[in-house]
1. Considering only the range 454-463, I want to know if a residue exists there that is under 25 Å from Leu61 (Cα atoms) and more than 18 Å from the chain's Cα centre (by Cα).
2. Answer with yes or no whether Leu107 is part of a helix (DSSP H, G or I), touching a residue at least 12 places away in the same chain (Cβ under 8 Å) and in the same structural domain as Arg150 (by TED's automatic domain parsing).
3. What is the one condition in (1) surrounded by fewer than 18 Cβ atoms within 10 Å (Cβ to Cβ); (2) more than 18 Å from Ile230 (Cβ to Cβ) that Lys271 does not satisfy?
4. Taking the condition assigned to a loop (DSSP other than H, G, I, E, B), touching a residue at least 40 places away in the same chain (Cβ under 8 Å) and either in the same structural domain as Gln310 (by TED's automatic domain parsing) or surrounded by fewer than 19 Cβ atoms within 10 Å (Cβ to Cβ) (or both), does Ile401 pass?
5. For the range 337-381, which residues satisfy the criterion of being touching a residue at least 40 places away in the same chain (Cβ under 8 Å), of a type in the set (D, E, K, R) and within 20 Å of Gln407 (Cα to Cα)?
6. Going by the conditions given, is Phe484 surrounded by 15 or more Cβ atoms within 10 Å (Cβ to Cβ) and touching a Leu at 6+ places or on another chain (Cβ under 6 Å)?
7. Considering (1) over 23 Å from Lys288 (Cα atoms); (2) touching a Ser or Thr at 6+ places or on another chain (Cβ under 8 Å); (3) surrounded by 20 or more Cβ atoms within 10 Å (Cβ to Cβ), say which one Asp428 fails and leave the rest.
8. Out of all the residues in the range 312-354, which are small (Gly, Ala, Ser), buried (at least 18 other Cβ atoms within 10 Å of the Cβ) and farther than 21 Å from Lys375 by Cβ?
Amino acid sequence: MTNINVRIGEKEYKAQKGITLFELSELVQEQYEYPIVAAKVNHLLRPLQEELIKDVNVEFLDISTSIGHRIMERSLVFILAKVVREFYPEATLSAEHSISNGLYCLLQGKVNIKKEHVDRMEARMQQLIRQDLPIERQSYDKEEAIELFRSMNNTVRARLFENNRSKKKTSIYRLEDYQDYMYGYMVARTGVLKHFSLRYYMPGFLLLFPKKGKPNRLPPFTEQPKLFNILRESERFSHIQGVSDAGTLNQRIRAGETDELVRIAEGLHEKKILGIADQIAFDKERIKLIMVAGPSSSGKTTFAKRLSVQLRVNGIEPVSISLDDYFVPREQTPLDEFGELDYESIESIRLEQFNDDLTSLIQGEEITLPLFDFKTGTYSDGEKLKIRSDQPIIIEGIHAINNRLTQAIPRSRKFFIYISALTQLNLDCSNRIKTTDARLMRRMVRDARTRGISPEDTLSRWSSVRRGEDRNIFPYQENADVMFNSHLIYELAVLKPLVEKLLCGLDASFPFYAEAINLLNIVDFFEPIEDTGAIPNNSIIREFIGDSVFYDR
């Protein structure tokens, strides 16, 4: 029997040719705190179901890693979809969007879900996991896969692959007699998915699972009514447009309906911004600070500028102050848990000076604004500013809805706005496009275009950015008076050619190559929009792709 050499870390192993990565992982599992769920083989991400036929270097990934967490979530959705098919053959599972530490799900079809139904599905999932069953992976030609989806009455998924011109083969996963396509890799056996629960949440239910980095503990569910409502509103609007998934978007683009899609999506944004401006104008005697917060690449700056325009339409003349000019001197910047400068900590802001300046302005005094130099890490005196009593101040930044940022000003004098690019468009019912992936694409395109930052650097910094968001933004989002979804239903088709241009040449040895391939695989499902002439110059997406009236004129 032929043997191959497999290097794992600093050790080299002799293994039988044809050994699966799962079988190999069992030899080293005791060295990992959590179950292994995937591997990088010569830097390329591979599923544990794959066989090894030549000498390789292997790096195993357990369920606590970012990639491992995605695989855990995806595998739980797969098992849930199987259970739905068992109990409700005429219904289809729809994994709608993230909420708290889980996914909000619906059953598409003539099914009225009640708590006892959800409890029954959870019990069946637990049974499948206790049995520690294998999840098999099989390669299909594209046409074979389409026929399989049609036989399952899954027209949405069949349409997704029919409209994909580049994909020639795909992987279909099997659990017992259930077969399905899931975007991305899956666990090799059900037994590693021990921590989850289903919770009835009318008219659907929640699939809850551990947070990244803590895969052995299921945190309590935290109600997020404002986020839930804005997500549901966005999904309803996508259905009104007749674009419920990537396949229908591609059909509309190929039918020459791009301009109409753009006009309607941009019209929704303008209507929402106008509504927020009207809300502020109605209460203008009370509101002195308009605080705009959101995670990276949510479009905060463009939103704030467009809001300022609509406020002026209402006879209000706001002024803007940049939080970036209130950073502490570089040597005083706090460090994160990895010993790196933590620019996203609220302690990196000169809070006392910021509050003093705000209170002085509101009381009619003149102040000298600071001017921070990012190259030297120091600040100097900038312009002088004095405002009238009827002029509100717009402040945008990641800490804006943390009341500690403006603790000297009463909450009653502030209006909090939370903005994020919450993707309302999925590949199909069971395969979600994560909001973090869409924002990462936005940021990568903007970084390369305006800041001279390579895609490698953007990808390398993203985990640090995400940690800062988890600490400084998401815990406060429900404090917002209003929420605004900056995602545009057509934007992934616009970003596709730009993302491909940036990522297609990356070397496989790059540490975050798997993350780059994930983004390329997402945009591969979209028909590109290369002619962006219909996109208005004040669009939020212009902040990232260029030709914005606010930055590029």
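The values are calculated or read from the model by the stated rules, or taken from the named source; none is laboratory data. The structure presented is a predicted model; accordingly, all values stated were derived computationally and were not measured. Here Cβ is always computed from backbone atoms with ideal geometry, including for glycine, and neighbour counts include all displayed protein chains.
1. So the first thing to find is which residues in the range 454-463 are under 25 Å from Leu61 (Cα atoms), and the list is 455-463.
Pick out the ones that are also more than 18 Å from the chain's Cα centre (by Cα) and you get 456-457.
Yes: one or more hits.
2. no
3. Tallying (1) surrounded by fewer than 18 Cβ atoms within 10 Å (Cβ to Cβ); (2) more than 18 Å from Ile230 (Cβ to Cβ), Lys271 fails exactly one: (2).
4. When the stated conditions are applied, Ile401 passes them.
5. Residues satisfying the conditions are Glu344, Asp356.
6. Here the answer is no, as Phe484 does not meet what is asked.
7. So the condition that Asp428 fails would be (2).
8. Within the range 312-354, no residue meets the criteria.
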